[in-house]
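Okay, so here's the structure we're looking at.
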Amino acid sequence: YKRLHATADLTEQFTSNADIVRLPSTIAKASVFYGGKMFKGNLNLQVGLQATWYSSFTTYAYMPATNAFYLKSNLSAGNYPFVDFFLCADIKPVRLFVKMEHINQGLTGSNYSFISKYPMPHRAFKFGFTWIFND
């Protein structure tokens with residue numbers, strides 16, 4: 001198990017006036033991934049899952065006509081996990097990442113918005129790479 005890694009972050013935040021400044025009181029983020037060097041140290045690989053969770057809180061509403069947020073007392077958000085899958089690889093001059101965000105969309109409920117009627121991003125596939133050319 002020496003190549004299995006786990007990280008966790010827990011954030012607690014408080015406000016003196018929760019009616020005006022609306023924040024989730026707890027934010028938790030954890031990741032579990034396999035990481036190690038392969039092929040005589042030429043490939044550094046990380047494959048794993050990352051989860052983020054926000055506690056339930058009363059949120060703002062948004063009015064597109066005035067381009068402004070406003071206070072509304074009956075809207076609640078949070079208490080929903082976001083789970084991402086990722087793969088990162090470094091092969092000497094090339095760095096590659098592949099990520100599937102919000103893989104649990106539709107599986108763990110549908111209340112994943114922080115603003116009323118404006119959901120967080122849906123499931124998305126992202127990738128990228130950098131290639132360093134040395135002279």
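Determine, yes or no, whether SER55 is within 17 Å of the chain's Cα centre (by Cα), modelled with pLDDT of 85 or more and either at negative phi or among the β-branched types (Val, Ile, Thr) (or both).
Taking the combined requirement at face value, the residue satisfies it.
Select from the stretch 12-25 the residues that are of a type in the set (S, T, N, Q) and surrounded by fewer than 12 Cβ atoms within 10 Å (Cβ to Cβ) and write down the one among them that is nearest to CYS88 (Cα to Cα).
The extreme case among them is GLN13.
Okay, residues lined up against (1) more than 21 Å from THR26 (Cβ to Cβ); (2) of a type outside the set (A, V, I, L, M); (3) surrounded by fewer than 16 Cβ atoms within 10 Å (Cβ to Cβ):
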| site | (1), (2), (3) |
| --- | --- |
| TYR70 | yes, yes, yes |
| LEU75 | no, no, no |
| TYR80 | no, yes, no |
| ALA89 | yes, no, no |
| PHE97 | yes, yes, yes |
| GLY106 | yes, yes, yes |
| PHE114 | no, yes, no |
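Restricting the search to the stretch 27-68, which residues are among the hydroxyl-bearing types (Ser, Thr, Tyr), in contact with a Ser or Thr (Cβ under 8 Å, 6 or more places away or on another chain) and under 19 Å from TYR1 (Cα atoms)?
SER31
Looking at VAL32, VAL47 in this structure, which one is among the hydrophobic types (A, V, I, L, M, F, W, C), touching a His at 6+ places or on another chain (Cβ under 8 Å) and on the phi < 0 side of the Ramachandran plot?
Among VAL32, VAL47, only VAL32 is among the hydrophobic types (A, V, I, L, M, F, W, C), touching a His at 6+ places or on another chain (Cβ under 8 Å) and on the phi < 0 side of the Ramachandran plot.
Pairs only if they're at least six apart or on different chains, beta carbon under 9 angstrom, first in the stretch 35-50 and closer than 23 Å to HIS102 by Cβ, second part of a loop (DSSP other than H, G, I, E, B) and open to solvent by 70 Å² or more (accessible area, probe 1.4 Å); list them, first residue then second.
GLY35/ARG3
Can you tell me which residue within the stretch 26-47, out of those that are open to solvent by 50 Å² or more (accessible area, probe 1.4 Å) and polar (S, T, N, Q), is farthest from the chain's Cα centre (by Cα)?
Result: ASN42.
The values are calculated or read from the model by the stated rules, or taken from the named source; none is laboratory data. Because the structure is predicted, anything quoted here is derived from the model rather than measured. Quick reminder, even Gly has a Cβ in these numbers, built from the backbone with ideal geometry, and neighbours come from all protein chains shown. Protein only, heavy atoms only, side chains kept; ligands, DNA and RNA dropped before computing areas. Shrake-Rupley method; radii C 1.70, N 1.55, O 1.52, S 1.80 Å.
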